[in-house]
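Please read the structure below before turning to the comments.
The values are calculated or read from the model by the stated rules, or taken from the named source; none is laboratory data. In this text, all values refer to a predicted model and were calculated from it rather than measured experimentally. Using ideal geometry, Cβ is built from the backbone for each residue, glycine included, and neighbour counts are taken over all protein chains shown. Side chains are part of the model used for accessible areas, which takes the heavy atoms of the whole protein and leaves out ligands, DNA and RNA. Shrake-Rupley method; radii C 1.70, N 1.55, O 1.52, S 1.80 Å.
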Amino acid sequence: MSMLHENRLSEIFRSSRKKLSIYLTAGYPKLQDTVPLLEILQNSEIDFVEIGIPFSDSIMDGPVILHSHQVALENGMTIDLLFDQLAEIRDYISIPIVLMGSMNPVYQYGFEKFCRQCGKIGIDGLLLPDLPLIEFKRHYSTFYRQNNLASVFMISPQTSEERLAQIDEATEGFLYAVSSSSTTGASNKMEDSQSYFEQLQIRNFRNPVVVGFNIKTKEDISFVNQYVDGVIVGSAFVQILEGGFDQERIVEFIAGLKGCQ
Amino acid sequence: MSYQVDENGFYGPYGGSFVPEVLFPNVAELAENYQDIMADPDFQNELKRLLHRYAGRETPLYPSPYLSGLYGASILLKREDLCHSGSHKINNTLGQVLLAKRLGKKRIVAETGAGSHGVATAMACALLKMPCSVYMGEVDMVRQFPNVERMRLLGAEVIPAVSGSKTLKDATNEAFRHWINNPEDTYYVIGSVVGPHPYPDMVARFQSVISCELLGQVPELTGKQLPDYVVACVGGGSNAAGSFYHFLDHPAVRLIAAEAAGKGLHSGFSAAATFLGKEGILHGTKTKFMQTIEGQVLEAHSISAGLDYPGIGPLHAYLHDTGRAEFVAVTDDEAMDAGIALSKNEGIIPAIESAHALAALAQLRLKSKDVVVVCLSGRGDKDLETYIQYSTSQKSES
């Protein structure tokens, strides 16, 4: 059922250049920082961005991102507010944006309404780690398709062959491969996952593969990029925002990540 | 109508398995194997032997003269408080730790609120030679300190959960995170009928030993084939699920679930999930829980740490919506008064959790011929300090 979406995501993956993506939490470090951060990331030539929707009880996340969620919620971040902040961004932000988060806030907002809003704004993909494939197919895939939202799913070193095929088939945009079995921001070494990356490389996936979780340095990036189509940096980026929004520091951090590309 | 879980792990609209991909293989492995393992005669014999020789089953069904006199009906107490470990929790932990061994797992992780499930898990792990880590909210570690020491004495590692409200829901989050980080050799022993399929069904089955015994005990004591009421407290709902299990398909038996209303249903300090909650996805399952309009999980409050959970298991959400079970809300004060009264008049100090079920009796219109079973899920030794504080504050007020 290849229904490849033609949107900003599919477009950037047409080139074989390795992609660098950054994760940020909506409404962190300050409530109004979401859009200025997007602008800096676009100016720093980041290929695409993931915006995390904060949730009080995310089980996928380690301490750094959990803390950012807590602060964002204390700042007053909600899905409504995020959509308000993003309403006009397509006038000046052209890089693809993927929204990411736990299922419950989206479920409470109303899944269909959420997807419709994404479509209206020009969001390119949606990744809900605790949305099971079977539920996606049964209830929600239509809403993604109607709003030209790429359905991004995760795969892990634990995912069976059979299931990899099913996930690849349901996925649009890219496959999000976690670098090891862990929550976000753990300290696993990329070299320890080499054999997993090798398996990802030789498998003939329909979708490009991007690796996330625990990627912190340009060395990590160049190692992982030998095998896959790109990487996502999350906790390491969120961590540099902990002291507050500091443009110089952000630009420097991104330059450091891109150094060896 | 069936109250059994369907092949996809749902009770009507509730249940399912909403877990991140990293956990999918573990949960699927368990879903594929739990029924076969539990049906295996060797497994059943081993579990039955441990429940009898080690945990002290069967537990008595005790006709309470005090409560029967008070309410003018036959009130029978199912004495789960007499189980080894001090509560019904051991029924489930022995079962799950045995099952983990069958699956070839090497380590156990668990969450605990009041500490009852943590202690029961630590005991099963000590007995069955499995290394054990228990997550417990930092707040709960303070208010249930003797249980922390108990778990440590039993050889378990107790890890404080420092995120969120630092209570049971956060300990559950941390246990899930631990499992994500250790998916291959670790087994997660969930203490209630919550979490992704197959946990709600599996835990209900392990706890169903309670209602199974009642099927024999009620006729023996009362001459009636079935009780008119079965009453149990509900946090996540494991002792209620176990007490209701064999009566689910007997509509003549009224099932009463007592939820913790804390300082009052609308005080902002409550844990009554069916009254205050709505459908959503938490801890891998679709169920009812207390949350904001935006879907952020609310902190629960109950004087009893074991009921201090913002949600209920998916089976209970379904029993609520179908009307099969009736849910009543019991405040901190009502539960404390019922617990103190039972101590004074019957010589039984109930866990504050179980005292909620006792207090619920006052909300039923009982007739003299009614046979009412109340699950006394645990003993109150762990709650001594709370009882003392409450008694002292009552005296100073009067």
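Out of the residues in region B:1-22 that are under 24 Å from the mean Cα position of the chain (by Cα) and of a type in the set (A, V, I, L, M), which is nearest to the other protein chains (Cβ to nearest Cβ)?
So, considering only residues that are under 24 Å from the mean Cα position of the chain (by Cα) and of a type in the set (A, V, I, L, M), the one nearest to the other protein chains (Cβ to nearest Cβ) is B:19.
For region B:144-170, which residues satisfy the criterion of being touching a residue at least 40 places away in the same chain (Cβ under 8 Å) and open to solvent by 60 Å² or more (accessible area, probe 1.4 Å)?
B:146
Quick test for you: out of B:146, B:160, B:200, B:183, pick the one residue that is over 17 Å from the mean Cα position of the chain (by Cα) and in a helix (DSSP H, G or I).
Checking each option against the conditions leaves just B:146.
Looking at (1) surrounded by fewer than 19 Cβ atoms within 10 Å (Cβ to Cβ); (2) in contact with a Lys or Arg (Cβ under 8 Å, 6 or more places away or on another chain), which one does residue A:162 not meet, given that it meets all the others?
(2)
Mind listing just one residue for me: the one in region B:228-282 that is assigned to a loop (DSSP other than H, G, I, E, B) and aliphatic (A, V, I, L, M) and, of those, most open to solvent (accessible area, probe 1.4 Å)?
B:252
Exactly one condition in (1) at pLDDT 95 or above; (2) of a type in the set (A, V, I, L, M, F, W, C); (3) open to solvent by 10 Å² or more (accessible area, probe 1.4 Å); (4) more than 16 Å from the chain's Cα centre (by Cα) is not met by residue B:327; state its number.
Unmet condition: (4).
I'd like the residue in region B:305-324 that is closer than 26 Å to residue B:383 by Cα and among the hydrophobic types (A, V, I, L, M, F, W, C) and, out of all such residues, is modelled with the highest pLDDT.
Filtering region B:305-324 for residues that are closer than 26 Å to residue B:383 by Cα and among the hydrophobic types (A, V, I, L, M, F, W, C), the one modelled with the highest pLDDT comes out as B:312.
Among the numbered criteria (1) in a helix (DSSP H, G or I); (2) assigned by TED's automatic domain parsing to the domain that holds residue B:38; (3) open to solvent by less than 10 Å² (accessible area, probe 1.4 Å), which one does residue B:141 miss?
Here residue B:141 meets the rest and fails (3).
Given the residues B:86, B:9, which is the only one that is buried (at least 17 other Cβ atoms within 10 Å of the Cβ) and within 30 Å of residue A:135 (Cα to Cα)?
B:9
What number of residues within region B:105-124 satisfy the criterion of being among the hydrophobic types (A, V, I, L, M, F, W, C) and either open to solvent by 20 Å² or more (accessible area, probe 1.4 Å) or farther than 13 Å from residue B:191 by Cβ (or both)?
1
Quick grid of which residues meet (1) in contact with a Ser or Thr (Cβ under 8 Å, 6 or more places away or on another chain); (2) touching a residue at least 12 places away in the same chain (Cβ under 8 Å); (3) within 14 Å of chain B (Cβ to nearest Cβ):
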{"position": "A:83", "(1), (2), (3)": "no, yes, yes"}
{"position": "A:88", "(1), (2), (3)": "no, no, no"}
{"position": "A:94", "(1), (2), (3)": "no, yes, no"}
{"position": "A:99", "(1), (2), (3)": "no, yes, no"}
{"position": "A:109", "(1), (2), (3)": "no, yes, yes"}
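Please state which of the following conditions residue B:130 fails to meet, knowing it meets all the rest: (1) open to solvent by less than 40 Å² (accessible area, probe 1.4 Å); (2) within 14 Å of chain A (Cβ to nearest Cβ).
It is condition (2) that residue B:130 fails.
Using the structure shown, decide if residue A:251 is open to solvent by less than 10 Å² (accessible area, probe 1.4 Å), in contact with a helix residue (DSSP H, G or I) (Cβ under 7 Å, 6 or more places away or on another chain) and among the β-branched types (Val, Ile, Thr).
no
Identify, by number, the condition in (1) touching a helix residue (DSSP H, G or I) at 6+ places or on another chain (Cβ under 7 Å); (2) open to solvent by 10 Å² or more (accessible area, probe 1.4 Å) that residue B:181 doesn't meet.
Status for residue B:181: all satisfied but (1).
Of everything in region A:119-144, what is in contact (Cβ under 8 Å) with a residue 12 or more places away in the chain, within 14 Å of chain B (Cβ to nearest Cβ) and part of a loop (DSSP other than H, G, I, E, B)? Give them in sequence order.
Matches in region A:119-144: A:128, A:129, A:130, A:131.
For region B:353-378, which residues satisfy the criterion of being under 19 Å from the mean Cα position of the chain (by Cα), open to solvent by 10 Å² or more (accessible area, probe 1.4 Å) and either farther than 14 Å from residue B:338 by Cα or of a type in the set (D, E, K, R) (or both)?
B:353
Residues checked against (1) out of contact with any Asp or Glu (no Cβ under 8 Å at 6 or more places or on another chain); (2) buried (at least 19 other Cβ atoms within 10 Å of the Cβ); (3) under 30 Å from residue A:102 (Cβ atoms):
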site	(1), (2), (3)
B:29	yes, no, yes
B:35	yes, no, yes
B:50	yes, yes, no
B:53	yes, no, no
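Given the conditions (1) open to solvent by 10 Å² or more (accessible area, probe 1.4 Å); (2) part of a helix (DSSP H, G or I); (3) not assigned by TED's automatic domain parsing to the domain that holds residue B:300, which single one is not true for residue B:173?
Condition not satisfied by residue B:173: (1).
Do any helices (runs of 4 or more DSSP H) lying entirely in region A:145-242 carry at least 3 residues that are closer than 29 Å to residue A:112 by Cα and either within 14 Å of another protein chain (Cβ to nearest Cβ) or under 17 Å from the mean Cα position of the chain (by Cα) (or both), and which ones are they?
A:161-170
Residues of region A:82-106 being part of a helix (DSSP H, G or I) and either open to solvent by 50 Å² or more (accessible area, probe 1.4 Å) or β-branched (Val, Ile, Thr) (or both), which ones?
Matches in region A:82-106: A:84, A:89, A:90, A:91, A:106.
Based on this model, can you work out whether residue A:62 counts as more than 15 Å from the chain's Cα centre (by Cα), surrounded by fewer than 22 Cβ atoms within 10 Å (Cβ to Cβ) and under 29 Å from residue B:297 (Cβ atoms)?
Here the answer is yes, as residue A:62 does meet what is asked.
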